[in-house]
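Read-outs: derived from the displayed coordinates by stated rules, not from any lab. Note that the coordinates shown come from a computational prediction; the quantities given were computed from them, not determined experimentally. Every residue, glycine among them, receives a Cβ derived from its backbone with ideal geometry; neighbour counts consider all protein chains shown.
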Amino acid sequence: MTTAPPATPSTGGGDTNAGPPLTGGASVPARRRGHTARYVVVGLVLVGALAFVVAKGLGSALDFYLPADQAVAQKATLGTKTFNLEGVVAPGSIRSTPGGVDFAVTAGTTRLAVHNTGSPPQLFQADIPVIAVGHFDGDHFASDQILVKHSSTYKAEHPTRVTAPNGSSR
Amino acid sequence: MTDDQSSSTGTIPHPQTSVAPNTGVTLAPVQSSRARMTEYIIGILALVGTVATVWLGLWVTPPDKVQGDLVRLVYIHPGVAWVALYLAFGLAAVSSLLYLWPRTRSLFWDRLAAASVEVGVVFNVCTLVSGSIWGKPTWGVWWVWDARLTLTAVLLIMFLGYMALRRVPAEPEVRARRSAFVALFAAVDVPLVHFSVNWWNTLHQGATVLNANLSPQIHGSMAWTLLLGFVALTLVFVWMLLVRFRIGVLEDWLADNELDLALAERQSEGAGLSDKSPTNQGGAA
C-alpha cells in the first residue's frame with residue numbers, strides 16, 4: 001500500500017506511459033502472485049454471481065408454502081394438486097370433528113375453510129399462522145397435516161408475575 | 001534395563017516432550033505458559049457462561065406466552081447457529097481469503113481455517129439437532145425441506161466435503177490452496193441461509209435478534225439470557241478453536257518429522273540390539 005503509490009489518478013488511462021517497471025528476475029514470483037490474486041478476485045465474482053443466480057433464478061421454487069390469498073387466486077390453476085397452504089387461524093373457527101379438526105385461515109381479506117384429517121400439533125390455536133398440507137376440494141381446503149408456523153417474537157406468559165425468594169410466584 | 005525400556009516404549013514421543021539432541025529431530029512446538037493460561041481462562045469462562053445460561057434458561061426465565069416451556073430452546077439454538085454460521089464459517093472464509101491473498105499467504109491462515117471449519121461443523125450439527133428437537137413440538141414435524149433448513153443442511157455437507165478434501169494426500173501448500181477455494185465457495189451459502197427466511201416463504205421463523213430493523217423481538221430476562229447464551233457459546237467456540245488450532249500445529253509437526261522420528265527410533269533399537277547381542281550370543285553358547 002505504501003510502497004507503490006499511484007503516479008496518476010486512477011480515473012484515466014494514463015497508466016501506460018511509464019512502461020513496465022524493470023524489476024528484474026524478481027518479477028516472476030511477483031507475477032505469479034499477481035495471477036493468484038486475479039484468480040481470487042475472479043473466483044469471488046463468479047461465486048457471487050452464482051449466489052445471485054441461485055437466489056433470483058430459483059425464485060419461488062424454494063417457497064415452502066403459498067399464502068391463502070394467493071392460493072385462492074390461483075385456484076383454477078392449482079386444481080386438486082397437493083401443496084402447502086399458509087394462513088392465520090381465524091378466531092372462533094376451530095371445531096373438533098370425529099376425524100380431525102375444521103377451521104378457517106385468513107390471509108389479507110381472504111378467508112378459506114380447512115377440513116383437516118388427523119390431530120394438529122400442540123401449539124395449534126386461534127390467531128397463529130399455520131401451514132396445511134393438502135388440496136382444494138370444492139369450496140374448502142382438505143388437508144391431512146398441519147404445521148404451526150410460530151413467530152420470532154417471544155413474550156413472557158405473565159410479564160408482571162414476580163418470583164418470591166421461596167420460589168413461589170404471584 | 002531402564003534405557004532399553006525407554007527406547008522400546010517411546011514409539012512416537014509426545015509432541016510436548018523433548019527429543020534426544022543427537023536424533024536430528026526438530027523439537028516439538030511447546031505451548032507457552034501465557035497461551036496455556038489464556039486457553040484455561042477462556043475454557044473456565046465458557047463453562048461458567050454455559051452453566052449460567054442453562055440455569056437461567058431452565059429455571060429463572062418465564063415461559064413464553066405462545067410456546068410455554070418450549071421456548072427454553074431459544075437460549076441455545078440461535079446461539080449455536082450464530083457460532084456455526086457467522087463465527088466459524090465466517091472466520092474460515094476470511095482465513096481462506098487471507099491465505100489466497102499473496103501478501104498475507106501463510107499456513108497459519110490455512111490452519112486457522114481448518115480448525116474453524118472443524119469446530120463449525122460440530123456447531124452446525126448441533127444447530128440442526130437442536131432445531132429439530134425444537135421443531136417437533138412447535139411445528140409438529142422433526143424436519144421439513146424449506147429453504148432455511150435445506151440450505152443449512154447443504155452448508156454442513158459442503159464443509160464436511162472441505163474436511164474430506166483436507167484428508168486427500170497433498171503438499172501442505174496444495175492442500176491449503178484447494179481447501180481455501182472450497183471454503184470460500186461453501187461460505188457463499190451462509191448469507192443464503194441468513195436471508196432465506198426473507199427471500200422465500202419458509203416454515204422457519206424470521207430472525208429474532210439479527211432482523212432487518214435490528215430490534216430484538218424478545219424482552220426482559222428472556223433477552224438477557226439469550227444474550228448470555230450467545231456470549232457463552234462464543235467463548236466455547238473460541239476455546240475449541242484454540243485447542244483445535246494447537247492440535248493442528250502438533251499434527252503438522254508430527255507429519256513433518258514422521259520420517260526422522262521413525263529413523264531415530266530404528267537407530268535406537270539397533271543400538272540396543274548391538275549392545276545386547278554379544279551377551280545374548282554368549283548366553284546361547
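Listing for the model above:
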| quantity | calculated |
| --- | --- |
| Value of relative contact order over chain B, rounded to a whole percent, pairs C-alpha under 8 Å and six or more apart | 31 |
| Sum of -39500 (n - 2.57) over DSSP H runs of 4+, divided by residues of chain B (222 nm, nearest 500) | -23500 deg cm²/dmol |
| Per-residue mean of C-beta atoms belonging to partner chains within 10 Å, peptide B:175-184 | 1 |
| Mean separation of Cα contacts under 8 Å, 6 or more apart, over the residue count of the stretch A:66-148: relative contact order % | 31 |
| Most to least packed among B:163-171, B:255-263, B:238-246 [average Cβ atoms within 10 Å] | B:238-246, B:255-263, B:163-171 |
| Cut-off 12 Å between beta-carbons: net charge of the residues surrounding B:S196, Lys and Arg +1, Asp and Glu -1 | -2 |
| The stretch B:144-179: chymotrypsin sites (Phe, Trp or Tyr not before Pro) falling in loop per DSSP and having at most 10 other Cβ within 10 Å | B:W145 |
| Loop trypsin sites (Lys or Arg not before Pro), the stretch B:36-73, which have at most 14 other Cβ atoms in a 10 Å radius of their Cβ (DSSP) | B:K65 |
| Relative packing of peptides A:92-101, B:194-203 - highest average C-beta neighbours within 10 Å first | B:194-203, A:92-101 |
| Net charge of neighbours whose Cβ lies under 15 Å from the Cβ of A:I94, counting Lys and Arg as +1 and Asp and Glu as -1 | 0 |
| Summed side-chain charge close to B:T152 - residues other than B:T152 whose Cβ falls under 12 Å, Lys, Arg +1, Asp, Glu -1 | -1 |
| Under-5 Å amide H pairs with A:Y65, H placed in peptide plane, nonlocal only | B:N201 |
| Residue mean of other protein chain beta carbons inside 10 Å, A:140-149 | 3 |
| Karplus (6.51, -1.76, 1.60) ³J(HN,Hα), θ = phi - 60°, over the stretch B:139-146, in Hz, Gly and Pro reported as x | 6, x, 9, 6, 8, 9, 8, 8 |
| Cβ neighbours within 10 Å from other chains - mean over B:191-203 | 4 |
| Calculated on alpha-carbon atoms, Rg and Dmax of the stretch A:66-148 in Å | 11.3, 33 |
